[in-house]
Amino acid sequence: MIEIKNISKTYNGTDNVIDRLSLSIRSGSVFGFLGPNGAGKTTAIKIAVGLNSPDEGEVLIGNGSPFRSETRENIGFMPEEPHFYEQLTGLEFMKFTNDLFDRNRRSSSEEIDEILEKTGVYKARNKKIRDYSKGMKQRLGFAQALVNNPNYIFLDEPLEGLDPIGRIEIKKILANLKNKGKTIFFNSHILADVENICDQIGIIHRGRLIYSGPVAEFKKNKSLEEQFVETIRGFSRQ
Amino acid sequence: MNIILTITKNTFRQAIRDKILYGIVIFGFLFMGSAVVLSSLSLGEEVFVARNFGIAGIYLFGLVITVFLGASAIYEEIEKKTVYFTLSKPVSKSQIVLGKFFGLLFSTGLIMFLMALAYLAVVFYIGGGGDYKIFLIILLQLMETGILLGLLILFSTFTTPLAAIIYTILIIYIGHLLSLIQNYAAKSAGPAAKIILTSLYYLMPNLEKFNIRSPVVHNYPISVNELALSLTYAILYIAIAVYAARFVFEKRDL
């Protein structure tokens, strides 16, 4: 279970990027976190994985704080528009991230190859990352999030920059991970994809959570996109 | 320990694959090779000139490489967000700072060692035999490099590479003039200036402690006690700089 309890975050002491955000995501579900640009999605995900600390509130991932290394052994995270160590090859980068985990969480060479195969990076594994396209970098960013076989997977805009085939492939992997009981939390702008994959969604606007619950309940016989735009506009007018 | 080693290896691998670094190293070797030509212009002092020139070259290019590699160590990790990959894993900021430090120290150490081999070849070619004291010079230069890398990593946690380079060049300059500053403070400065200069003397790294180039070239004896003191001083200074870097990095939001 992922529990985000009443977290707030300000930058420079004034801008309230996250304002008393609370979420509860049950284990084995896929949660889509939506919101317009600058709403606080990335800040929230960074706090959730322990990259930044909240000013108030706390996050629990499987009952553990993300600031504890034991908890992070069980987390996979893919940042938005990932940047890499460009001098490394894809395979070297995977081995590097793999070696950062405890021995019993690490993947074997065969398992790394399997992850690279599944995410479509295998053929380019020995090429320097600086020669990768944006889509390939996105795939590699996704691949490294799976290297420790985590139970909790956090993805910041995982489908951004992928071509339609890439999006289908990644969505298929997400569905498989869900079937294996993994808990997936992801930020996205691509609402059609969210609609397909997610059990639940959360909508954040100006740092505040304005909806959290099942997708169908939110849509109310409209498309997710229509309902999303209408809701955000409604809150913007307030 | 294992994580620090992994980050060290990664930093080392990144550093030695940098094309700009290759450019600097090639210039370094050309500089070393030019000692052969220059020494041939001197009358009867070929070996002395070649040793002077070679040792100066190793120091100069060692400094350039240190500053080049260290100035953006943490800054680039934060700006390019590569640190998100490491810090979202069971890795602490202290481990990143230490891994970066050792990775960069090994990279600069390797290049200095290779330059020392080139130096030995040049001196041998000119007829100076095996000038193995160069490795003692390299060891002490590595201590100075460690201090500078510690400070560069500290600067790179809160400022841009350009600012880090400027601060470091100032520190190198002041660090080699500290005994002059201390003398001036003791003999000529007023009370306020004395306090400032004395503080500067104790705060800044005394880089002259690691300069045994002149005694080696002139074949003067080198005190073992002095060497041990210099090594202890370097380790303490590096520990303080790296701890300060970790402290500042810890406070930074990403």
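The values are calculated or read from the model by the stated rules, or taken from the named source; none is laboratory data. What you are looking at is a predicted structure, and each value in this text was computed from that prediction instead of being measured. Because the Cβ atoms are built from the backbone with ideal geometry, glycine has one as well, and the counts that use them run over all protein chains shown. Heavy atoms of the whole protein, side chains included, go into the accessibility calculation; ligands, DNA and RNA do not. Shrake-Rupley method; radii C 1.70, N 1.55, O 1.52, S 1.80 Å.
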**OP:** Please go through the stretch B:91-120 and pick out each residue that is open to solvent by less than 10 Å² (accessible area, probe 1.4 Å) and within 13 Å of chain A (Cβ to nearest Cβ).
**Re:** B:VAL91, B:ILE96, B:GLY99, B:GLY103, B:SER107
**OP:** Show the residue pairs that are 6+ apart or on different chains and have beta-carbon atoms under 8 Å apart, the first residue being within the stretch A:164-193 and touching a residue at least 60 places away in the same chain (Cβ under 8 Å) and over 25 Å from A:VAL59 (Cβ atoms), the second being part of a helix (DSSP H, G or I) and of a type in the set (Asp, Glu).
**Re:** A:LEU191/A:GLU225
**OP:** Say whether the condition of being free of Cβ contacts under 8 Å to residues at least 60 places away in the same chain and buried (at least 22 other Cβ atoms within 10 Å of the Cβ) is met by at least one residue in the stretch B:77-87.
**Re:** yes
Original post:
When A:ASP55 is evaluated against the numbered criteria (1) within 14 Å of chain B (Cβ to nearest Cβ); (2) without any contact (Cβ under 8 Å) to a residue 24 or more places away in the chain; (3) farther than 24 Å from B:THR8 by Cβ; (4) surrounded by fewer than 19 Cβ atoms within 10 Å (Cβ to Cβ), which criterion, by number, is the only one it fails?
Top reply: (2)
**OP:** Please find, within the stretch A:151-205, the residue that is surrounded by the fewest Cβ atoms within 10 Å (Cβ to Cβ) out of those that are in a helix (DSSP H, G or I) and of a type in the set (Lys, Arg).
**Re:** A:LYS172
Subject >> Where a residue in the stretch A:83-95 is at the interface with chain B (Cβ under 7 Å from one of its Cβ atoms) and over 18 Å from A:SER107 (Cα atoms) and its partner, wherever it lies, is surrounded by fewer than 19 Cβ atoms within 10 Å (Cβ to Cβ) and among the charged types (D, E, K, R), with Cβ under 6 Å and at least six apart >> reply: A:HIS83/B:LYS80; A:HIS83/B:LYS81; A:GLN87/B:ARG17
Subject >> helices (runs of 4 or more DSSP H) (entirely within the stretch B:137-254) containing at least 2 residues that are under 17 Å from B:VAL67 (Cβ atoms) and of a type in the set (Ser, Thr, Tyr) >> reply: B:161-175
**OP:** Working carefully through the options A:THR43, A:THR10, find the one that is surrounded by 15 or more Cβ atoms within 10 Å (Cβ to Cβ) and more than 15 Å from the chain's Cα centre (by Cα).
**Re:** A:THR10
**OP:** For the stretch A:58-72, name all the residues that are surrounded by fewer than 21 Cβ atoms within 10 Å (Cβ to Cβ) and at the interface with another protein chain (Cβ under 8 Å from one of its Cβ atoms).
**Re:** A:SER69, A:GLU70
Subject >> Candidate set: the stretch A:97-109, residues that are surrounded by 21 or more Cβ atoms within 10 Å (Cβ to Cβ) and part of a helix (DSSP H, G or I); chosen: the one farthest from the other protein chains (Cβ to nearest Cβ) >> reply: A:ASN98
**OP:** Might you check whether a residue that is within 14 Å of another protein chain (Cβ to nearest Cβ) and touching a Leu at 6+ places or on another chain (Cβ under 7 Å) occurs anywhere in the stretch B:53-69?
**Re:** yes
